[in-house]
Amino acid sequence: MSLLSHCGIQGIQESGIHDITKDEVSTGTTIIAATYDGGVIIGADSRTTTGAYIANRVTDKLTKVCDNIYCCRSGSAADTQAITDIVAYYMDLTSIQMGEPPLVRAAANVFKTLIYENRHQLTAGIIVAGWDSRFGGQVYSINVSGTIVQQNISIGGSGSSYLYGFMDSQYKDGMSQQECENLVLNGITIVNFCLLLLLNF
């Protein structure tokens, strides 16, 4: 056993050069969704990482499922994109069959089912956010094991650990759209600042 494998370092070639093609592309993410009085606001950072390497600085982690539903993706970029494509297909079918936009909770339940049934193969955390005429603005958080929770505000991804206290102290029911936008923007900014400090420490 080499020293490198003993220390748990993966993706190192015999030459000692790190082979980034062996690492799974991860979104290295901070995602936020919050309800306000009349709708929802979603936000995310834009970095995609492969191990310690930033593979893309302008990744879009906010994906349209249908006209009234979006999702925030964290985890494996490939896994979350594939799941989102499947859910979007089902929501299109539902919309055609029902003759109206699908319910946000219907999309969240399809995400939950796909993630739960494939939890041993996927690395996917999703926040589903949207508005429908029956229940108004809604946010659902689905973690990598397929557990679903409806919340007024949800944060996810590896950057979320820096945000729990800030979001709990700043979020309040009945916020205006502008207040909610500012909260989400400030949350993303705080995480980016914390990560910058850690990198320069």
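The values are calculated or read from the model by the stated rules, or taken from the named source; none is laboratory data. Please read these numbers as outputs of a predicted model, since none were measured by experiment. Neighbour counts run over all protein chains shown; Cβ positions are idealised from the backbone, glycine included.
Okay, here's what the table says:
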| read-out | value |
| --- | --- |
| Subset of the stretch 148-173 [more than 16 Å from Ala129 (Cα to Cα), within 16 Å of the chain's Cα centre (by Cα) and among the hydroxyl-bearing types (Ser, Thr, Tyr)] | Ser158, Ser160, Ser161, Tyr162, Tyr164 |
| Top-ranked residue in the stretch 147-161 [being at pLDDT 95 or above and not aliphatic (A, V, I, L, M); ranked as nearest to Glu179 (Cα to Cα)] | Asn152 |
| Any chance Ser169 is more than 19 Å from Asp45 (Cβ to Cβ) and surrounded by fewer than 18 Cβ atoms within 10 Å (Cβ to Cβ) | yes |
| Condition met for Ile115 (in a strand (DSSP E or B) and crowded, with 24+ Cβ neighbours inside 10 Å) | no |
| Qualifying positions in the stretch 46-74 - among the charged types (D, E, K, R) and either at pLDDT below 75 or more than 23 Å from Pro102 (Cα to Cα) (or both) | Arg47, Arg57, Asp60 |
| One residue from Ala124, Ala129, Ala108, Ala82 being among the hydrophobic types (A, V, I, L, M, F, W, C) and without any contact (Cβ under 8 Å) to a residue 12 or more places away in the chain | Ala82 |
| Test: Val191 is of a type in the set (A, V, I, L, M, F, W, C), part of a helix (DSSP H, G or I) and over 20 Å from Ile69 (Cα atoms) | yes |
| Qualifying residue in the stretch 33-41 (condition: at pLDDT 95 or above, under 23 Å from Gly159 (Cα atoms) and among the hydroxyl-bearing types (Ser, Thr, Tyr)) | yes |
| Given (1) under 18 Å from Tyr70 (Cα atoms); (2) without any contact (Cβ under 8 Å) to a residue 12 or more places away in the chain; (3) in contact with a strand residue (DSSP E or B) (Cβ under 9 Å, 6 or more places away or on another chain), number of the condition Gly156 does not satisfy | (2) |
| Selection count, the stretch 128-144, where residues are part of a loop (DSSP other than H, G, I, E, B) and over 11 Å from the mean Cα position of the chain (by Cα) | 3 |
| Which numbered condition Val139 misses (of (1) touching a Leu at 6+ places or on another chain (Cβ under 8 Å); (2) in contact (Cβ under 8 Å) with a residue 60 or more places away in the chain) | (1) |
